[in-house]
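Following: one structure in structure tokens, then a few remarks.
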Amino acid sequence: MAYAERGVSAPPEVVFNTATDPRRVSAWLPEPLLSGESTRAEDAEQMRARWAARRTDWSAELRVEPVDAGGARIRLDLAGGGQETDRLADEALVNLAREVADNLQAG
């Protein structure tokens with residue numbers, strides 16, 4: 001399992017809503033977790049979301065927390081990618097930050 005953390009200059013609610021938006025999730029979440037064979041659970045109150053692939057060992061948990069400066073900290077725990085997991089976790093958060101920025105510009 002690997003994890004990655006990243007700060008984002010956006011309100012935590014915007015980050016969480018972008019991350020869990022079905023129209024945007026494919027832009028950042030690793031592909032094995034996007035198939036019809038995966039499950040998703042979210043807790044909007046705690047700003048946590050989980051994805052798990054049913055027939056593989058792929059899973060992810062995302063947590064979004066507020067930071068004092070008015071932005072958010074994102075943590076992604078990712079399992080299932082073998083030696084690529086660290087890189088995929090970092091790449092996923094870079095892509096999520098891009099989606100958040102696009103969402104803010106569009107809104």
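Observations
- Within region 36-65, the residues that satisfy the criterion of being of a type outside the set (A, V, I, L, M, F, W, C) and under 16 Å from Ala92 (Cβ atoms) are Ser38, Arg40, Arg48, Arg50, Ser59, Glu61, Arg63.
- Hits in region 67-86 (condition: at pLDDT 95 or above and open to solvent by 90 Å² or more (accessible area, probe 1.4 Å)): Arg73
The values are calculated or read from the model by the stated rules, or taken from the named source; none is laboratory data. Fair warning: this is a prediction, and the values are worked out from it, not measured in the lab. Neighbour counts are summed over all protein chains in view; Cβ atoms, including those assigned to glycine, are modelled from backbone coordinates with ideal geometry. Ligands, DNA and RNA are stripped out before the accessible areas are found, and what is left, the full protein with its side chains, is counted by its heavy atoms. Shrake-Rupley method; radii C 1.70, N 1.55, O 1.52, S 1.80 Å.
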